[in-house]
Structure formats: structure tokens, C-alpha cells
Amino acid sequence: MAAARAATLPSLALSGSVGSDVRSLSSLFDGPGMVWSLALSATHHLFDGGQGRARVAQADARADAAQAAYRQAVLGAVLELREAYAALDLSQQALQAEQARTAALAQARRLAALGYASGAFGYLDLLDAERNHFQAQLDEVDACRDRLLGQVAAFKALGGGHRGLVTAAAQTDSGGTDE
């Protein structure tokens, strides 16, 4: 943009030269042997058919488009980060709820086992308590997975390089050698 504006202004060039036209070294810098030259040139297009203004307008339009694209990218990144943090918060709350549920059903399973051992409960009651506890454990694992996926989404939204981590993990799992 600044270069396009500068091209519409007149340009000045100053050049100079110093020389010598002598036959011996003793008179190299003396008198008439020394030749000086100084030149000044100025150029400016008086009529360019509006090309200069068009170049300035085009450069301004490119700068405006680049600024709009930058703003859009920043807004998109902020929105993606807010969504990732909201999902991470929800998945953390879900994990805590599943952990509490699993702990409560573990206690119910222990009580059902004591009741079965004392003859107060039947075997189906014990099996039902164990099934509920195991299902709660599976649900807790799912909630933990969701929380970890939320952390990955937040990390990516912050500009994290997840590809390098996956590659490093794959090399660690395979022993770091290509077979």
C-alpha cells in the first residue's frame, strides 16, 4: 500500500562521479587533472491515465481484505476456544457425576453382598447390584474418555500440535523402530 502511494509521487535521483585525467601519479589530485561531475534528475508522470490512483486503490482494497480475513480468523479461533472450554467443563461435570454414581453403586454392591451372605437378599439381588456397578464403571470410563477428548479439543483450539504427539506416541508404542 505504501509502495503504491510512493509510486504516485515524483522521484529524484542524485548521482555524482569524481575522476582524474592525468598522465602521472604526481599530479593525480592537482589542478586541471581532476574531473568532477554532478547530476540531478527528476521524473514524474504528468498523465498516467489514473493508473497510479488505481494502484493505490487496489493496494488499499488488498489491505482491507487481509485485515478482514485476519479478524475473521481471530474471531473463529476465539469461538472455537470458547466452545472447547464449554465442552471440557461439561465433560468434567459429567465425569464427577459418574464417579459419584460409581461410588454409590459400589456401596450398594457391598451391601447386597453382605445381605446375600446373611440370607436377607437373594442371589438375583446381588447379581443386579453387581450389574449396576459394572455398568456405572463403564459409564465412568466413557465420561473420562469424553473429558480427555475435550482436553484435546481445547489444546487444538489453543494451537497445539497434536500430530507430533500422536507420532511420538506411536513410536513409543512400537519401540521406536520401523520394522
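Quick grid of which residues meet (1) modelled with pLDDT of 60 or more; (2) within 30 Å of residue 144 (Cβ to Cβ):
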position: 17; (1), (2): no, no
position: 41; (1), (2): no, no
position: 44; (1), (2): no, no
position: 63; (1), (2): yes, no
position: 70; (1), (2): yes, no
position: 73; (1), (2): yes, no
position: 77; (1), (2): yes, yes
position: 88; (1), (2): yes, yes
For residue 94, which of the numbered conditions (1) in contact with a helix residue (DSSP H, G or I) (Cβ under 9 Å, 6 or more places away or on another chain); (2) surrounded by fewer than 18 Cβ atoms within 10 Å (Cβ to Cβ) fails to hold? (2)
Specify the residue that is surrounded by the fewest Cβ atoms within 10 Å (Cβ to Cβ); the eligible residues are those in segment 119-137 that are out of contact with any Ser or Thr (no Cβ under 6 Å at 6 or more places or on another chain) and among the small types (Gly, Ala, Ser). 119
Cβ-Cβ below 7 Å, separation at least six or inter-chain, first residue in segment 82-108 and within 24 Å of residue 156 (Cβ to Cβ), second in a helix (DSSP H, G or I) and acidic (Asp, Glu): which pairs? 91/146; 94/146
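The values are calculated or read from the model by the stated rules, or taken from the named source; none is laboratory data. In this text, all values refer to a predicted model and were calculated from it rather than measured experimentally. Heads up, the Cβs are rebuilt from the backbone with ideal geometry, glycines too, and the neighbour counts pull from every protein chain shown.
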